[in-house]
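A short worksheet on the structure shown next.
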Amino acid sequence: MSEALVAVETAGTDASVPAVSGARQFWRRLRAQRAALVAAAVVALLVLVALAAPLLTALEGQDPTTYHPALIDSARGGVPIGSFGGIGADHWLGVEPQTGRDMFARLVYGARVSLGVALAATVVQVILGIAMGVAAGLGNRWVDLVLSRITDIFVSMPLMIMALALLAIVPNSFPRPVLVALIIALVSGWSTTAKMARAQTLTLKSLDYVAASRLSGWSTWRTAVRELLPGLAAPVITYSALLVPSNISAEAALSFLGVGVKPPTPSWGQMLTSADVWYQAAPQYLLLPAAALFVTVFALTILGDGVRVALDPRAASRLRIGTGRKREARAETAVPKDETAAAKQKENRT
């Protein structure tokens, strides 16, 4: 009974979203979207690179923190010696200006930090948002009022200003990636998840099978786990897939502002911070982390949209990629032509 179709009120829009009907059906719908499959392959490759960073750097024979002053031209202000930033057999993507640290090693280890912070923040946002939303939806009027007002306060909080203030007062001894993930998770993201979970809980609570479970003596906790959480799966998974790219962008922005991950720990946003003065003398130092960020965020956005459409096949994709739009345009223009041809045939017969 918890697999029935349920109406979901998302943040700002109303949509009917079917409950999860099985992994096989979901995979079949996702396979029909070529762009989502390509994005999933790109994301899987990025995750694999991040996990295998120690192995990849060992194959190259480098690490992300060792300085190579012999590869820097001090007479030119610290520009790497050689073409394309010192690319060679020992340094696959060249070296950093001024320090001579290996760019490939810093990029793959930076993927670990950026993806790890984004995924950890997403997990905390989803858990906290579901807990607050379900508690507000199942609680009495006062519980709902208090939790809803707390959620509204966090919705209105500006992420960057709050993050800058909190990161500035926390001691440097606290692990910086963990701190950045916690601040991103607690300041933003979870509040929208909580609103969505509350709306879904209020909708499900009025259905017969949920009311029957409560009247049969089930505890609130058991009702939430057995009857409500399956109905929350589709919208929460969809929103979680779209939270990851926004969290990556937030981590990169904080590191770019100098309050995120601190050196010598590599991060794509941190690499962009020190690359802004080298875009003419050593453009690869700016282009490589910027391209990595762009590809990651773009692939995750496409994948998140594909997951949303696979879970809700009646919703049209927000990102029209490939030849689908051309096929639809041809189909729309084909109808008037057919009608015109049929009308001419009638005239000829008469």
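Between Ile248, Ile161, Ile237, which is under 30 Å from Leu287 (Cα atoms) and within 16 Å of the chain's Cα centre (by Cα)? It would help to see each step written out before you state the result.
Values: Ile161 fails: within 16 Å of the chain's Cα centre (by Cα); Ile237 fails: under 30 Å from Leu287 (Cα atoms).
Exactly one residue qualifies, and that residue is Ile248.
When Leu204 is tested against (1) assigned to a helix (DSSP H, G or I); (2) touching a residue at least 12 places away in the same chain (Cβ under 8 Å); (3) under 29 Å from Leu159 (Cβ atoms); (4) out of contact with any Ser or Thr (no Cβ under 7 Å at 6 or more places or on another chain), only condition (3) is not met.
A single entry from Ile127, Ile153 fulfils the requirement of being on the phi < 0 side of the Ramachandran plot and within 16 Å of the chain's Cα centre (by Cα): Ile127. Scanning segment 77-106 for residues that are outside any loop (DSSP other than H, G, I, E, B), within 19 Å of Gln280 (Cα to Cα) and among the small types (Gly, Ala, Ser) yields Ser83, Gly85.
Annotation note: of Ala224, Ala234, Ala253, Ala241, the sole residue that is of a type outside the set (Asp, Glu), assigned to a helix (DSSP H, G or I) and surrounded by fewer than 19 Cβ atoms within 10 Å (Cβ to Cβ) is Ala253. Checking the stated criteria, Ala281 turns out to be modelled with pLDDT under 75 and either touching a Leu at 6+ places or on another chain (Cβ under 7 Å) or within 30 Å of Val79 (Cα to Cα) (or both).
May I ask you to list the residues in segment 46-74 that are among the small types (Gly, Ala, Ser), within 14 Å of Thr99 (Cα to Cα) and either modelled with pLDDT of 85 or more or in contact with a strand residue (DSSP E or B) (Cβ under 8 Å, 6 or more places away or on another chain) (or both)? Reasoning before the result, please.
First pass over segment 46-74, keeping only residues among the small types (Gly, Ala, Ser): 50, 52-53, 58, 61, 70, 74.
When the remaining residues are screened for being within 14 Å of Thr99 (Cα to Cα), the result is 70, 74.
Correct list: Ala70 only.
Could you grab me the full set of residues in segment 185-242 that are touching a strand residue (DSSP E or B) at 6+ places or on another chain (Cβ under 7 Å) and either hydrophobic (A, V, I, L, M, F, W, C) or within 27 Å of Ala118 (Cα to Cα) (or both)?
Within segment 185-242, the subset touching a strand residue (DSSP E or B) at 6+ places or on another chain (Cβ under 7 Å) is 196, 199-200, 203-204, 231, 234-235.
Listed by number, the residues that qualify are Met196, Ala199, Gln200, Leu204, Gly231, Ala234, Pro235.
The values are calculated or read from the model by the stated rules, or taken from the named source; none is laboratory data. Small disclaimer: the values here were computed from a predicted structure and weren't measured. With ideal geometry, Cβ positions are generated from the backbone for all residues, glycine too; neighbour counts draw on all protein chains shown.
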